[in-house]
2 protein chains.
Amino acid sequence: MLELPTAADVADAARMISGVAFRTPLLASPELDSITGARVFLKPETLQRTGSFKFRGAYNRLSRIPDDRKSAGVVAMSSGNHALGVATAAKLLGIRAINLMPKDSPATKRERAAAAGAEVILFDREKDDRVAMARAIAEERGAVVVPPYDDFFIIAGQGTVGREIVEDLNKLNLTPDAVLFPCGGGGLLAGNSLAIHEQAPSTKLYSVEPEGFDDHARSFIAGERLANRKASGSLCDGLLAPTPGELTFSINKQHVTGGLVVSEEEVKRAVAFAFRELKLVVEPSGAAALAALLNRRIDVTGQTVVAVLSGGNVDPGLFARLRTHNQ
Amino acid sequence: MLELPTAADVADAARMISGVAFRTPLLASPELDSITGARVFLKPETLQRTGSFKFRGAYNRLSRIPDDRKSAGVVAMSSGNHALGVATAAKLLGIRAINLMPKDSPATKRERAAAAGAEVILFDREKDDRVAMARAIAEERGAVVVPPYDDFFIIAGQGTVGREIVEDLNKLNLTPDAVLFPCGGGGLLAGNSLAIHEQAPSTKLYSVEPEGFDDHARSFIAGERLANRKASGSLCDGLLAPTPGELTFSINKQHVTGGLVVSEEEVKRAVAFAFRELKLVVEPSGAAALAALLNRRIDVTGQTVVAVLSGGNVDPGLFARLRTHNQ
């Protein structure tokens, strides 16, 4: 029997990360209001420490490591935002961080992980089994493996996003009718499902995935965890987890209304919209929920709707190409 | 005798724009803390309605127009953020807006002004006297000319930025030691001088200007309004006013500690820094105060410091070139 976190664990995570993670603002957008006919708010986790929501879960997870295991450190496998979140949380907590990254990952991402204080170990995507490598390092050094989403404390930490959304809307005497989340392994969605379901039980929650990587959308319909047919081939490099997580799906299937899917083209236009109208740098993965709103995947007329912008760590060259994308 | 606004007029402006202008957040930045040795906060007016602080003053000014003059409308002369601020405020208040723009201004800026509801009238920079044109239109139609900075209500409106800064820092039990402002005609600086001097009298205030357009820096030393030697030739197109305003300088000379100057190169690097580390789209003019901090124009070690990011309306092509600028 899996032990699943609850809304109380999200509340506990909120206390744990308070004063370390940023409380990101909730931004209104008259342009989006007029496009959608709804009252739209954006939760820009792009402005979170390390440039994505991943820091919340990582800090909550790493905070639970007892003092006598800190020097042995933690191991993460990620070429992206999870690695940055773990490395930065580790640095703040005095924990050693090891990050396994593919040899062909962009130099900028390797440099960022190293700059955040992580020891970077490269692996070959074709030849090496990274999971086995991580386990070997963990066993050899006594380090803790920190998974990107299928973890009790990671899920609870990500849920603090939703707590803040509901609290900030309540200050405006509003309750969200719908909240949309970019979705990879489902950790952000699961934590927020817990938090929002408790605080605002009638709010509808949606996962948003890129075309071809709609494992959540299909799994919600099937009622069981289905896998994507391919492993790569989307600009949304943060949303390519092969299948919903075991813990995350156990939570999400209870609370999520449904899964939305956006095209690559729609994601590109959403990145350009965020640049032009919102003055925010959003990475493709981070713009998926915004893309769903801009392209009216659900009817939100007259409603109060929130889209989470989950991250902003985009390669400058790629951003330059997307930024001028046709409207 | 000029009638100058006071802190009470800023408080009045804050009430006037409440619920219409956004209360922009105050963002912390561990990266900037570590570079400067200070505790740095950013006030991103890039996230303000219309993408710059100009909306605050424009809305406050236009709100004072009596009902019987609304149909006659307002006239602004601007190719930039002031035009957008006035056009959007006019639309919200049911006022007709006319905007005089140079024939050679970028199509995107003309389209934006038109999209915001303004009637755009083009003039020839070489042949036409735009001030005379604006006056003629105003007389003929009974319209009100809305100056970009040297105006009682415009100044009071811009000061609401500083009120929010002090209020939000107070919630963290902090008082700003120094606040840095990008400076063109001095309206943002003047309004904020009033607000911050009243709420936090010991706070040091600085103007930041691009090299070659340091009329404020020199005027503060001289104790009188001096002019720039050239009229164009900086990426900071919002900071090229020929001389400090009459009203604005009367206020600023009382409260401002001094004028800082940054190079074009430093501004470019600040725009790139904002993209890379802060995930914010900032236009060159809007990045001047950040550039001064990044390049340690003043010693802020151990202090609480705020830099205002005044606007984010940057041409996509230009942004693409700046964004990858060498660190």
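Computed from the coordinates by the stated procedures, all read-outs in this text should not be read as laboratory data. Because the structure is predicted, anything quoted here is derived from the model rather than measured. Ideal geometry is used to build each Cβ from the backbone, glycine not excepted, and the neighbour counts take in all protein chains shown.
Per the Kirkwood definition applied to all pairs of different Cα atoms, how many angstroms is the hydrodynamic radius of the range A:141-205? Display every interim value, and only then the final one.
Working: mean 1/r = 0.0800 Å⁻¹.
When all Cα pairs of the range A:141-205 are included, the Kirkwood radius is 12.5 Å.
Can you give the Kirkwood hydrodynamic radius for the range A:239-310, in Å, rounded to one decimal and based on Cα pairs?
After inverting the pairwise mean of 1/r, the radius is 13.5 Å.
So if the hydrodynamic radius of chain B is defined as the Kirkwood radius over C-alpha pairs, what does Stokes-Einstein give as its diffusion coefficient at 20 °C and 1.002 mPa s, in µm² per second?
After rounding, the answer is 110 µm²/s.
Exceeding 23 Å between C-alpha atoms, which entries from my cross-link table qualify? They are A:Lys109/A:Lys268; A:Lys268/B:Lys43; A:Lys109/B:Lys279; B:Lys70/B:Lys109.
Cα-Cα > 23 Å for A:Lys268/B:Lys43; B:Lys70/B:Lys109; rest within.
Would you kindly state the longest site-free stretch of chain B, with sites defined as trypsin sites (Lys or Arg not before Pro) in a DSSP loop (not H, G, I, E, B) surrounded by at most 13 other Cβ atoms within 10 Å?
Excluding the exposed sites themselves, the longest stretch runs over B:128-228.
Using only Cα atoms, locate the centre of the range A:110-161 and the centre of the range B:28-44, then give the distance between them in Å, rounded to an integer.
29 Å
Considering only A:Ala287, A:Thr24, A:Asn173, whose Cα is most displaced toward the positive end of the charge dipole of the protein assembly as shown, charges sitting on Cβ of Lys, Arg (+1) and Asp, Glu (-1)?
A:Ala287
Ranked highest first by the average count of other Cβ atoms within 10 Å around their residues, in what order do A:307-313, A:234-240 fall? Don't skip to the end; give the middle numbers.
Working: A:307-313: 29.1, A:234-240: 22.6.
My ranking of the peptides, most packed first, is A:307-313, A:234-240.
At A:Gly258, with labels set 7 Å past Cα in the Cβ direction, how many nm apart are the copies from this one, shortest first?
Counterpart label points of A:Gly258 in the remaining copies fall at 6.4 nm.
P(r) for the range A:55-150, please, calculated from all Cα pair distances in 5 Å bins and given in %.
All Cα pairs considered, the percentages come to 3, 16, 28, 26, 19, 7, 2, 0.
Where in chain A lies the longest segment free of GluC sites (Glu not before Pro) that are both loop residues by DSSP (not H, G, I, E, B) and have at most 12 other Cβ atoms within 10 Å? List each step's numbers first, then the result.
Details: sites that count: A:Glu3, A:Glu126, A:Glu224.
Longest run free of exposed loop sites: A:4-125.
Take every Cα pair under 8 Å in the range B:14-107 that's 6+ residues apart, average their separations, divide by the length, and report that relative contact order as a whole percent.
Over the range B:14-107, the number comes to 23 percent.
By the scheme Lys and Arg +1, Asp and Glu -1, what is the net charge of all other residues having a beta-carbon under 15 Å from that of B:Asn173?
-1
According to a simple spin-label model (label point 7 Å from Cα along Cα-to-Cβ), what is the distance in nm between A:Leu4 and B:Leu172?
Result for the modelled spin labels: 3.8 nm.
Can you give the log10 of the normalised intensity I(q)/I(0) at q = 0.18, 0.20, 0.27, 0.31 Å⁻¹, computed with Debye over equal Cα scatterers of the range B:257-297?
Debye intensities relative to I(0), on a log10 scale: -0.42, -0.51, -0.85, -1.05.
How high is the relative contact order of the range B:55-150? Use alpha-carbon pairs under 8 Å, at least six apart in sequence, and give a whole percent.
Over the range B:55-150, the number comes to 33 percent.
What is the angle, in °, between the Cα long axis of helix A:187-199 and the longest principal axis of the Cα atoms in chain A? Nearest 10 is fine, range 0 to 90.
50 degrees
Report the Stokes-Einstein translational diffusion coefficient (µm² s⁻¹, integer) for the range B:1-87, Rh taken as the Kirkwood radius over Cα pairs, at 4 °C with viscosity 1.567 mPa s. Display every interim value, and only then the final one.
On the way: Rh = 15.3 Å.
Rounded to a whole number, D works out at 85 µm²/s.
In whole Hz and in residue order, list the ³J(HN,Hα) couplings for the range B:111-120 that follow from phi through the Karplus curve 6.51 cos²θ - 1.76 cosθ + 1.60, θ = phi - 60°; x for Gly and Pro.
Here the 3J(HN,Hα) series is 5, 5, 4, 5, 5, 6, x, 7, 7, 9 Hz.
With bins 20 Å wide starting at 0, give me the P(r) of the protein assembly as shown over every alpha carbon pair, in whole percents.
Each 20 Å bin holds this share of Cα pairs: 19, 51, 26, 4, 0.
Ordered by residue, what ³J(HN,Hα) values in Hz, to whole numbers, does the range A:243-258 give under the Karplus form 6.51 cos²θ - 1.76 cosθ + 1.60, where θ = phi - 60° and Gly and Pro are x?
7, x, x, 6, 5, 4, 5, 4, 7, 4, 5, 7, 10, 8, 6, x
Can you spot the lysines whose alpha carbon is less than 19 Å from B:Lys103's alpha carbon? Ignore those fewer than 8 places along the same chain.
B:Lys127
Taking a temperature of 25 °C and a viscosity of 0.890 mPa s, what whole-number D in µm²/s does Stokes-Einstein yield for the range A:194-320 with Rh from Kirkwood over alpha carbon pairs? Walk me through the intermediate numbers first.
Details: Rh = 15.3 Å.
D = 161 µm²/s.
Relative contact order for the range A:150-236 using alpha-carbon pairs under 8 Å, separation at least 6, rounded to a whole percent?
In percent, rounded to a whole number, it is 27.
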